[in-house]
Amino acid sequence: MATPTPEHIKCLIIGSGPAGYTAAIYAARANLKPVMYQGLQPGGQLTITNDVENFPGYPDGIMGPEMMEDLKKQAARFGTDIRYGIATSVDFSGHPHRVTIDEHLELTADTIIIATGASAKWLGLPSEQRLNGSGVSACAVCDGFFYRGKDVVIVGAGDTAAEEATYLANLCNKVYMIVRKGEMRASKIMQKRVLDNPKIEVLWNTVTDEILGEHAVEAARVKNVLDGSTRELPIEGFFVAIGHEPNSKIFQPYLHHDEQGYLKTIPGTAKTNVDGVFACGDVQDFTYRQAVTAAGSGCMAALDAERYLAALGDH
């Protein structure tokens, strides 16, 4: 029995969210006939974010899932073929590029835009997931505004945690910083900013035992790892800053990436080291990780893909 010929796609977008949907809008308007596979979490991280108030164009704010649905409709309106499915393996060793969806569907593509995002690392507490979006967050810059004048916790010991603790201290009444060990991993200058800030209290050798609250965060129970003692911190916001993991594993054999797995792009572009493969959004952005910067890089990826095809005479 003959093996069926794989479906060939001019512009394949892997992943959704602000980067993927913006790439789709631009690619569709350029008549690249984009096909998008939405991935494991259609709409990306914003689908687990309640209020989005820092994306331009929404003066009254918008719910994250609603915003993603708007972007999806806009991409579909211009002709993007939006499909459910997860890219499970790729082969970028030749042209056209080969992608396997859901471990069995084979595709080939002239250009590929990777917009698979990054996933926040969590502590693994059931209450953490239950209250996610109701006081629990992995992005202080995104959600800190909602806790002005309130008491909050931030968990982490690296530069990101220190930076976000300082950011929260500008908004909140009190910031408890939970550090598992007796020292931080953050750079000396970031540690100094934290320790010199009177609104930040560092709880050393401490872990989170439980996040308390029925429908919203009301307190955090923390435990001292040296003596086993516990205490409850009355708070309304609980921020986790123990890192993000880019969803890039299947691409790493072919694409240059840093030690954390973030895909490397040529500065000022969305181009990777493989011709015709572009990366945008949080899978390649370890610095900003905002919806608006992801959308901007999605635009860049689509324009780069269009120019790449034009140079080949395929568009």
Worksheet entry | Most mobile of D151, D51, D60 in a GNM of the chain (Cα contacts under 10 Å) | D60
Discussion item. I'd like to check one number: the per residue accessible area of the range 222-295, probe 1.4 Å, reported in Å² as a whole number.
Written reply: 51 Å²
Item to complete: Rounded, prolate or oblate: pick one for the range 1-142, where a ≥ b ≥ c are the square roots of the eigenvalues of its C-alpha gyration tensor, a/c under 1.5 means rounded, and failing that, prolate if a/b is larger than b/c, else oblate.
Response: oblate
Item to complete: Output the peptides 288-297, 20-29 sorted from most to least packed, where packing is the average of other Cβ atoms within 10 Å over each peptide's residues.
Response: 20-29, 288-297
Item to complete: May I ask you to compute the full-extension gain from E66 to I266, defined as 0.36 nm times their residue separation minus their alpha-carbon distance, rounded to one decimal in nm?
Response: 68.7 nm
Worksheet entry | Prolate/oblate/rounded label for the chain (Cα gyration tensor, a/c 1.5) | prolate
Practice prompt. Between beta-carbons, use under 12 Å as the cut-off and find the net charge around D91, counting Lys and Arg +1, Asp and Glu -1.
Written response: 0
Response to the item:
Honestly the range 79-213 on the Cα gyration tensor test (a ≥ b ≥ c root eigenvalues; a/c under 1.5 rounded, otherwise a/b vs b/c for prolate or oblate) is just prolate
Discussion item. Let's see if you can work this out: charge +1 on each Lys and Arg Cβ, -1 on each Asp and Glu Cβ, no other charges. What is the dipole magnitude of the range 163-315 about its Cα centre, in debye to the nearest 20?
Written reply: 480 debye
Item to complete: Would you mind getting me the FRET efficiency between E218 and D51? Use the beta-carbon distance for r and R0 = 22 Å, nearest 0.05.
Response: 0.70
Worksheet item: Ignoring ligands, DNA and RNA, what accessible area per residue does the range 133-191 give at 1.4 Å, in Å²?
Response: 43 Å²
Practice prompt. Grab the DSSP H runs of the chain that are 4 residues or longer, score each as -39,500 (n - 2.57), total them, divide by all residues and round the 222 nm result to the nearest 500 deg cm²/dmol.
Written response: -7500 deg cm²/dmol
Worksheet item: Under the definition of Cα pairs under 8 Å and six or more residues apart, what whole-number percent is the relative contact order of the chain?
Response: 20 percent
Worksheet item: What fraction of the DSSP beta bridges in the chain is antiparallel, stated in percent and rounded to the nearest 5?
Response: 45 percent
Worksheet entry | Entries of K33/K271; K199/K223; K188/K249; K223/K249; K73/K174; K33/K121 with Cα pairs more than 30 Å apart | K188/K249; K223/K249; K73/K174; K33/K121
Worksheet entry | Percent carbon-and-sulfur accessible area, the chain, ignoring ligands, DNA and RNA, probe 1.4 Å | 50 percent
Worksheet item: Roughly what % of DSSP beta bridges within the range 92-207 run antiparallel, to the nearest 5?
Response: 35 percent
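The values are calculated or read from the model by the stated rules, or taken from the named source; none is laboratory data. Just so it is clear, the structure is predicted and the values come from calculations on it, not from any experiment. Quick reminder, even Gly has a Cβ in these numbers, built from the backbone with ideal geometry, and neighbours come from all protein chains shown. We work out accessible area using only protein heavy atoms, side chains counted, and drop any ligands, DNA or RNA first. Shrake-Rupley method; radii C 1.70, N 1.55, O 1.52, S 1.80 Å.
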